[in-house]
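S.K.: Mind looking over this structure? Questions follow.
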Amino acid sequence: MLRYSLLRHTGAPDDPSGCHYDLLLEDGETCRSWRLPDIPPLNGTSQEATPLAPHRRVWLEPRSAAVSGDRGWAERVMAGRYRGTLPADPDAAVQLDLVDGALRGQLRITAGRCSLTPP
């Protein structure tokens with residue numbers, strides 16, 4: 001199984017709220033990544049999911065560090081493993097099972113929205 005991570009990112013110059021979360025899904029040598037306004041609640045309302053540039057896999061490990069390019073601070077707040085396959089097209093819908101870690105359930109990212117439902 002592959003890994004996922006949720007980073008709390010503060011101080012990003014392009015984030016007027018001052019804090020957001022980066023969802024990372026391990027994908028080969030990098031991680032596919034999305035910016036979320038909050039931690040996805042199980043069975044909660046879907047939320048905006050903005051695609052980001054791929055992140056380095058080092059962010060899957062426990063860490064808290066400055067983000068390169070003076071883009072704030074990030075710390076890993078949740079992590080685990082997922083089952084499923086990411087689509088080859090980075091713009092295609094994602095549907096995976098988060099099976100291990102603090103977040104568990106079926107993760108869906110479709111049309112710029114993210115939700116987490118029971119398995």
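The values are calculated or read from the model by the stated rules, or taken from the named source; none is laboratory data. Quick caveat: nothing in here was measured; it's all calculated off a predicted structure. Quick reminder, even Gly has a Cβ in these numbers, built from the backbone with ideal geometry, and neighbours come from all protein chains shown. Heads up: the accessible areas ignore ligands, DNA and RNA and are worked out on the full protein's heavy atoms, side chains in. Shrake-Rupley method; radii C 1.70, N 1.55, O 1.52, S 1.80 Å.
S.K.: Any residue that is at pLDDT below 95, within 15 Å of M1 (Cα to Cα) and touching a strand residue (DSSP E or B) at 6+ places or on another chain (Cβ under 7 Å) - is there at least one of those in segment 90-102?
M.R.: There is at least one residue in segment 90-102 that is at pLDDT below 95, within 15 Å of M1 (Cα to Cα) and touching a strand residue (DSSP E or B) at 6+ places or on another chain (Cβ under 7 Å).
S.K.: If you don't mind, there's one more thing I want to ask. For P13, state whether it is surrounded by fewer than 17 Cβ atoms within 10 Å (Cβ to Cβ), within 15 Å of the chain's Cα centre (by Cα) and assigned to a loop (DSSP other than H, G, I, E, B).
M.R.: no
S.K.: Check whether at least one residue in segment 67-74 is surrounded by 12 or more Cβ atoms within 10 Å (Cβ to Cβ), part of a strand (DSSP E or B) and out of contact with any Lys or Arg (no Cβ under 9 Å at 6 or more places or on another chain), and report yes or no.
M.R.: No, segment 67-74 contains no residue that is surrounded by 12 or more Cβ atoms within 10 Å (Cβ to Cβ), part of a strand (DSSP E or B) and out of contact with any Lys or Arg (no Cβ under 9 Å at 6 or more places or on another chain).
S.K.: What pairs can you find where one residue is in segment 69-98 and farther than 16 Å from R113 by Cα, the other is open to solvent by 90 Å² or more (accessible area, probe 1.4 Å) and among the aliphatic types (A, V, I, L, M), and their Cβ atoms are less than 7 Å apart, with a gap of 6+ or different chains?
M.R.: Partner pairs satisfying both residue conditions: R81/M1; Y82/M1; R83/M1.
S.K.: Any idea which of T10, T45 is over 13 Å from I109 (Cα atoms), polar (S, T, N, Q) and modelled with pLDDT under 95?
M.R.: Going through T10, T45 in turn, the sole match is T10.
S.K.: All but one of (1) of a type in the set (D, E); (2) assigned to a strand (DSSP E or B); (3) open to solvent by 60 Å² or more (accessible area, probe 1.4 Å) hold for D22, so report the exception by its number.
M.R.: (3) is the only condition that D22 fails.
S.K.: For segment 41-66: of the residues being open to solvent by 90 Å² or more (accessible area, probe 1.4 Å) and more than 14 Å from the chain's Cα centre (by Cα), which is farthest from D100 (Cα to Cα)?
M.R.: Checked segment 41-66; the qualifying residue farthest from D100 (Cα to Cα) is T45.
S.K.: Suppose we keep only residues that are surrounded by 16 or more Cβ atoms within 10 Å (Cβ to Cβ) and not small (G, A, S) within segment 78-96. Which one would you say is nearest to Y21 (Cα to Cα)?
M.R.: Per the criteria, the residue is M78.
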